[in-house]
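Engineer: This is the structure, below, for whatever I ask next.
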Amino acid sequence: MFLAALKAGAPIIPVTIRGSRPVLAPRSWHIRPGRIEVILDPPIATADWKKEQLDELVRLVRSRMQANFQGVQ
């Protein structure tokens with residue numbers, strides 16, 4: 001998806017989902033009641049990024065998503 005965004009010059013919107021583990025446990029299809037938060041970060045423009053910088057772009061998006069988990073237990 002990152003390469004497609006670069007080729008299209010489309011922005012990447014980091015999406016973080018918090019709180020899903022207690023609602024949908026790993027390896028289970030049983031959904032429990034609970035609260036899930038979906039966080040949409042500001043778009044990251046890709047127009048000035050090059051294919052050679054793809055790894056750096058992935059790290060940037062990942063770091064923005066990880067920041068949404070800071071202070072969350």
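Engineer: Please enumerate the residues belonging to the stretch 31-73 that are loosely packed, with under 11 Cβ neighbours inside 10 Å, assigned to a loop (DSSP other than H, G, I, E, B) and either at pLDDT 90 or above or in contact with a Gly (Cβ under 7 Å, 6 or more places away or on another chain) (or both).
Structural biologist: R32, P33, R35, P42, A47, D48, K50, listed by residue number.
Engineer: Here is a check on your reading of the model: is Q66 more than 17 Å from M1 (Cβ to Cβ) and of a type in the set (S, T, N, Q)?
Structural biologist: yes
Engineer: Restricting attention to the stretch 16-30, which residues are under 30 Å from A4 (Cα atoms), part of a loop (DSSP other than H, G, I, E, B) and touching a Lys or Arg at 6+ places or on another chain (Cβ under 9 Å)?
Structural biologist: Scanning the stretch 16-30 gives a single hit, G19.
The values are calculated or read from the model by the stated rules, or taken from the named source; none is laboratory data. In this text, all values refer to a predicted model and were calculated from it rather than measured experimentally. Using ideal geometry, Cβ is built from the backbone for each residue, glycine included, and neighbour counts are taken over all protein chains shown.
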